[in-house]
Amino acid sequence: MTAGIFSASPATERAMTKSLLWRGMVVGIVAAIIATMFARLTAEPQIDLAIAYESVHAAHYGDAPMPHEEEELVSRATQKGAGLLTAMMLYGAAVGGIFSLLFAYGYGRFGQAGPRSFALLLAALAFLLIVIVPGIKYPQTPPAVGSHDTVGLRTAAYFAMIALSVGGAVIASKLRAALVRSRKGIDATLLVVGAYITLVLLGQCLLPVVNEVPADYPATLLWNFRVAAILTQMILWATIGIAFGLWAEQVMRRQ
């Protein structure tokens, strides 16, 4: 198989892509539910501790109330319950749908991996590009940490880092396709990996530095939250890769 998911008629390709799309969204929702249960057990208790720390810190030093201490539009119980589940399910449906489209486009174009292997590889690549690489520049911090006035800046910088990571990977893949015509595959791969790392490092140097964690903030609390946040994302992407690969293999075998 050398192009897309089929070497069949355009109508058949569209039908298969549509079939994979809704399956990807379903898998994304299931993965989000599993990830939410994990986050509820691991990440949310760390957020509660962070909020408690900020409240005690503000009371001790006579600071102005933190944003979460003012009138709450949504209660904390709702935030870590129905609110968290709803947000994660919407996120899961979106990334699951995008994942299925990328699978439909890429399957058969890059090597001869089967559906399950390619889905796992694609999920691992997404986890690396969307979670790990941006997290090196902007590691996760509890919502109670940081100034309320810089939320917009921090959010924009983080999404810019994601765009840089994904865009750099796309450029690297195009560059490798051009290099393999005149070089060995391993040489082309090493060159584009080096180019990607250089591009990401340059972007990280140009993007603003954001470090609003207080010097006396409990290191263990911060570490536990960051580990829980990364593991939550890893569970989400691993579930998508495994479940979608199994489902896609069944669909394509029938086809």
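The values are calculated or read from the model by the stated rules, or taken from the named source; none is laboratory data. Because the structure is predicted, anything quoted here is derived from the model rather than measured. Methodologically, a virtual Cβ is constructed for each residue, glycine included, from the backbone with ideal geometry; neighbour enumeration extends over all protein chains shown. All accessible areas refer to the heavy atoms of the entire protein, side chains included, with ligands and DNA or RNA removed. Shrake-Rupley method; radii C 1.70, N 1.55, O 1.52, S 1.80 Å.
Can you confirm whether V210 is open to solvent by less than 70 Å² (accessible area, probe 1.4 Å) and part of a loop (DSSP other than H, G, I, E, B)?
Values: open to solvent by less than 70 Å² (accessible area, probe 1.4 Å): yes; part of a loop (DSSP other than H, G, I, E, B): yes.
Taking the combined requirement at face value, the residue satisfies it.
Please go through (1) over 20 Å from the mean Cα position of the chain (by Cα); (2) open to solvent by less than 60 Å² (accessible area, probe 1.4 Å); (3) hydrophobic (A, V, I, L, M, F, W, C) for A160 and return the number of the only condition it doesn't satisfy.
(1)
Give the residues of region 171-190 that are of a type outside the set (G, A, S), in a loop (DSSP other than H, G, I, E, B) and surrounded by fewer than 11 Cβ atoms within 10 Å (Cβ to Cβ), sorted by residue number. Reasoning before the result, please.
To start, the set of residues in region 171-190 that are of a type outside the set (G, A, S) comprises 171, 174-176, 179-181, 183-184, 186-187, 189-190.
In the following step, the residues that additionally are in a loop (DSSP other than H, G, I, E, B) were identified as 180-181, 183-184.
Within region 171-190, R181, K184 meet the criteria.
Is it the case that region 232-243 has a residue that's in a loop (DSSP other than H, G, I, E, B), polar (S, T, N, Q) and open to solvent by 40 Å² or more (accessible area, probe 1.4 Å)? Steps first, answer last, please.
The first filter runs over region 232-243 and keeps only residues in a loop (DSSP other than H, G, I, E, B), leaving none.
The answer is no; no qualifying residue exists.
Identify all residues within region 90-110 that are among the hydrophobic types (A, V, I, L, M, F, W, C), within 15 Å of G241 (Cβ to Cβ) and in contact with a Gly (Cβ under 6 Å, 6 or more places away or on another chain); write none if there are none.
V95, F99
Inspect region 28-38 for any residue being modelled with pLDDT of 85 or more, in a helix (DSSP H, G or I), surrounded by 14 or more Cβ atoms within 10 Å (Cβ to Cβ) and among the polar types (S, T, N, Q) and give the result as yes or no.
Checking region 28-38: at least one residue is modelled with pLDDT of 85 or more, in a helix (DSSP H, G or I), surrounded by 14 or more Cβ atoms within 10 Å (Cβ to Cβ) and among the polar types (S, T, N, Q).
What are the residues in region 83-113 that are outside any helix (DSSP H, G or I) and open to solvent by less than 30 Å² (accessible area, probe 1.4 Å), if any? Give the derivation first.
Residues of region 83-113 outside any helix (DSSP H, G or I): 107-113.
Within region 83-113, Y107, G108 qualify.
One residue is enough: does region 138-145 have a residue meeting the conditions open to solvent by less than 40 Å² (accessible area, probe 1.4 Å), at pLDDT 90 or above and more than 30 Å from S19 (Cβ to Cβ)? Break it down stepwise before answering.
Our first condition is that a residue be open to solvent by less than 40 Å² (accessible area, probe 1.4 Å); within region 138-145, this holds for 138, 142, 144-145.
Checking which are at pLDDT 90 or above leaves us with 138.
The next check asks that each one be more than 30 Å from S19 (Cβ to Cβ); those that pass are 138.
Yes, the conditions are met somewhere in region 138-145.
When you go through A169, A77, A157 one by one, which is the residue that is touching a Phe, Trp or Tyr at 6+ places or on another chain (Cβ under 7 Å), farther than 25 Å from R23 by Cβ and small (G, A, S)? Can you show your working first?
Numbers: A169 fails: farther than 25 Å from R23 by Cβ; A77 fails: touching a Phe, Trp or Tyr at 6+ places or on another chain (Cβ under 7 Å).
Exactly one residue qualifies, and that residue is A157.
For region 191-207, which positions are under 21 Å from L122 (Cα atoms) and surrounded by fewer than 14 Cβ atoms within 10 Å (Cβ to Cβ)?
Listed by number, the residues that qualify are V193, G194, I197.
Looking only at residues that are in a loop (DSSP other than H, G, I, E, B) and of a type in the set (A, V, I, L, M, F, W, C) in region 213-231, which one is nearest to the chain's Cα centre (by Cα)? Explain how you work it out, then say what you get.
Step one: list which residues in region 213-231 are in a loop (DSSP other than H, G, I, E, B), which gives 213-218.
Still in the running and of a type in the set (A, V, I, L, M, F, W, C): 213, 215.
Working: V213: 23, A215: 28 Å.
Checking each candidate, the answer is V213.
Are there any pairs with C-beta distances below 6 angstrom linking a residue in region 214-243 that is over 13 Å from V27 (Cα atoms) to a residue that is in a loop (DSSP other than H, G, I, E, B), with the two at least 6 apart or on different chains, and if so which?
F225/P142; R226/P139; R226/Q140; A229/Q140
Of the residues that sit in region 133-150 and are in a helix (DSSP H, G or I) and in contact (Cβ under 8 Å) with a residue 24 or more places away in the chain, which one is farthest from A215 (Cα to Cα)?
The initial filter retains those residues of region 133-150 that are in a helix (DSSP H, G or I), namely 133-137, 148-150.
When the remaining residues are screened for being in contact (Cβ under 8 Å) with a residue 24 or more places away in the chain, the result is 133-137, 148, 150.
Numbers: V133: 25, P134: 23, G135: 20, I136: 19, K137: 18, H148: 18, T150: 18 Å.
Per the stated criteria, the residue is V133.
Give me the pairs: first residue in region 152-177 and farther than 11 Å from Y138 by Cβ, second residue among the polar types (S, T, N, Q) and surrounded by 15 or more Cβ atoms within 10 Å (Cβ to Cβ), beta-carbon distance under 7 Å, and six or more apart or on different chains, which are they?
R176/T189
When you check L179 against the structure, is it at pLDDT 90 or above and over 22 Å from the mean Cα position of the chain (by Cα), yes or no?
no
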